[in-house]
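Structure record follows, encoded as structure tokens.
The values are calculated or read from the model by the stated rules, or taken from the named source; none is laboratory data. Predicted model only: the values in this text are computed from it and were never measured. Ideal geometry is used to build each Cβ from the backbone, glycine not excepted, and the neighbour counts take in all protein chains shown.
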Amino acid sequence: MNFIFDRNTWQEIFGSISKNKIRTVITVVGVLWGIFIYIALSGAAKGMDNGFESMFESIARNSMFVWGQNTSMPNEGYKTGRQMQLKLDDAVMIQNRIPEVEFIAPRNVRGFFGTPPANIGRNNKTGSYSLFGDFPAFTKIAPKKIYDGGRFINDEDIAQSRKVAVIGERTQKELFDKDENPIGGYFKIDDVYFQVIGVHKYEPSGGFGGDGDIFIPFSTFKKLYNTGDNVGWFSIAAYDNVDVIKVEENIKSLLKNLHHVHPDDDRAFGSFNLGEQFNKIVGFADGITFLSLIVGIATILAGVIGIGNILLISVKERTKELGVRRALGATPAEVRNQIILESVFLTVIAGIMGIILGALALAGISSATQDIDFPYTNPTVPIPYVIGALVIMVVLGTLIGLIPAQRAVSIKPIDALREE
Amino acid sequence: MIEIKDLHKSYKMGSNSLHVLKGLNFSIAEGELVAIMGSSGSGKSTLLNILGMLDEADSGTYDLDGVPIKNLNETKAAKYRNRFLGFIFQSFNLINYKSAMENVALPLYYQKVPRKEREEKALKYLAQVGLKEWAGHLPNELSGGQKQRVAIARALAAEPKVLMADEPTGALDSKTSYEVMDLIQKINDEGNTILVVTHEEDIAHMCKRIVHLKDGVIVEDKKVEQVRAAQYVK
């Protein structure tokens, strides 16, 4: 294999390809286009993948909501149509009985499900916003970004039923002046004064929620609206590696048991499984990635076959040249190596150019989609993909170069020279 | 230098077999300038191809500088050609995308001579054929005579034991032909062994010995009084 590292070999090859410019350019364009499509496609697919990822970033991927509805079957002497009311005790039971559950956060709300929103006011500014009663565990399920200096509700707040609130960006804008630090400031919720402990950053998360939402401790909410042990719904996060659909079923059958509901009554408790939805979207994104991989590789293949084709034609064109070379003492191996190395060299050069162009195109797409509402973030191609593509090209370039090389060698020098 | 004994060669043409060489015997000593003459179909090109290891004889022996040439695979033949032989073709066979100098340097490339040395040698031989100023030109910028002189320089560059010229003047007008023959004679004067295949009487008589082939056999092998080409060159 010494010839690969011989400067003379490369001078000869470089001479041959630089002096047949049109042939070289056409050859290079074929592979360049292939690798460009491959990089652009898989980068775009990755961008979409990243987009979905970041869309779900603000909520645990294996989380679900469970709420009470009305029974549809009579059971244990209870008649049908009974309204189910989740209780705080249910959360304890779920946490204790179902080991797959990592976090459970009972929640209450004003401003949804037929309840009026909370009226808030500060000085002479007023407004009505959704108000949530929450446990600290909620941020484990749906992480909230709190601006510097603030915090979310903690256990102390719950224990002492503190009148503290985490407000949204919009609430802050409407209640406080521009340069005013809202932390520590007071405002009224339904005529009760609350102190601001944090401002949360709004992130679209697929569920309900907005940039004006206000969070207060669950225990404070309970006193303020006299909700007792009633719970609006549970936000539940399962451990990462468990089957979320199975967990959902287990939770619901436990609740049915606790609330004396017929085991086959599917209407008593409602649920929404984000994990399941997430898996569907991940599956979709995976499909797109796979598709782009296939299309990309097929395009590279087409490009490499193009190189083989052009080299084959050029071998025919160069029959005489190769005959002369052999009359002058080129061994068949030397002729073969030259053709193969030309093939590989062209493929690699074209590949690198294609990768650079593809990267530029991805950068362009990235900056063009920066500000539009489309799940598309940071389109990149993983380095192993790029290296893989290069390896594929070198291997295919060698294999496809073998055909014209073999042909070049199979022509006897005397026949090659006789050809006019 | 060259010794052939009972050389036979036939070609298969469909169902017919064409017996081209019918038992040739001759030897060429070092420093000879031999013309192989014959009309077309006499087998002279076939003989040259066999001598040039571009083709193989069916039977008979061929020794080149004491080395028996037989059962060569392509790789070995290529190495022998490179070491022993220099070719001059009727149609020059220069590589059209290489400059005159690069063409001359090509056999040296296959001898694994380093680039610098290759170029120096190439320039030296170009100077010998009087084309030093044309070193950087491509073949299509040269006249027919110049192309053939480049080809001769290329054949010389490998410093072969025997130069083989296949109708070296076939594509040239008579004035240029004489120039080329003058060059060949001068090279021969320096002691190189040269074989010229031709069908032109005047060209043959510029050699020192004429081997006449007819229908695959040698009909005449005679030494001649060499006509110097220089007298025709003004």
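Candidates in region B:32-61 are the residues that are at positive phi and more than 14 Å from the chain's Cα centre (by Cα); of these, the one that is surrounded by the fewest Cβ atoms within 10 Å (Cβ to Cβ) is B:GLY41. Only residues that are part of a helix (DSSP H, G or I) and either surrounded by fewer than 17 Cβ atoms within 10 Å (Cβ to Cβ) or acidic (Asp, Glu) (or both) were counted in region A:266-280, giving 4. Being more than 20 Å from the chain's Cα centre (by Cα), modelled with pLDDT under 85, in the same structural domain as A:LEU346 (by TED's automatic domain parsing) and surrounded by 14 or more Cβ atoms within 10 Å (Cβ to Cβ) is a property that A:LEU301 has. A:LYS316 - would you say it is of a type in the set (Lys, Arg), in the same structural domain as A:TYR78 (by TED's automatic domain parsing) and either in contact with a Pro (Cβ under 9 Å, 6 or more places away or on another chain) or closer than 30 Å to A:ALA40 by Cα (or both)? Spelling it out, it is not the case that A:LYS316 is of a type in the set (Lys, Arg), in the same structural domain as A:TYR78 (by TED's automatic domain parsing) and either in contact with a Pro (Cβ under 9 Å, 6 or more places away or on another chain) or closer than 30 Å to A:ALA40 by Cα (or both). Among the residues of region B:65-89, those that are more than 9 Å from chain A (Cβ to nearest Cβ), surrounded by fewer than 19 Cβ atoms within 10 Å (Cβ to Cβ) and at pLDDT 85 or above comprise B:ASP65, B:GLY66, B:VAL67, B:PRO68. Is it true that A:GLY329 is within 28 Å of B:SER99 (Cα to Cα) and either within 14 Å of another protein chain (Cβ to nearest Cβ) or within 22 Å of the chain's Cα centre (by Cα) (or both)? So A:GLY329 passes the test. Within region B:62-104, the set of residues being in a helix (DSSP H, G or I) and within 19 Å of the chain's Cα centre (by Cα) comprises B:ALA77, B:ALA78, B:LYS79, B:TYR80, B:ARG81, B:ASN82, B:ARG83, B:PHE84, B:ALA100, B:ASN103, B:VAL104. Just checking, does region A:155-169 include any residue being closer than 29 Å to A:GLN85 by Cα, at pLDDT below 80 and either of a type in the set (A, V, I, L, M, F, W, C) or part of a helix (DSSP H, G or I) (or both)? Taking every residue of region A:155-169 in turn, none turns out to be closer than 29 Å to A:GLN85 by Cα, at pLDDT below 80 and either of a type in the set (A, V, I, L, M, F, W, C) or part of a helix (DSSP H, G or I) (or both). Number of residues in region B:95-137 that are basic (Lys, Arg) and within 13 Å of chain A (Cβ to nearest Cβ): the value is 5.
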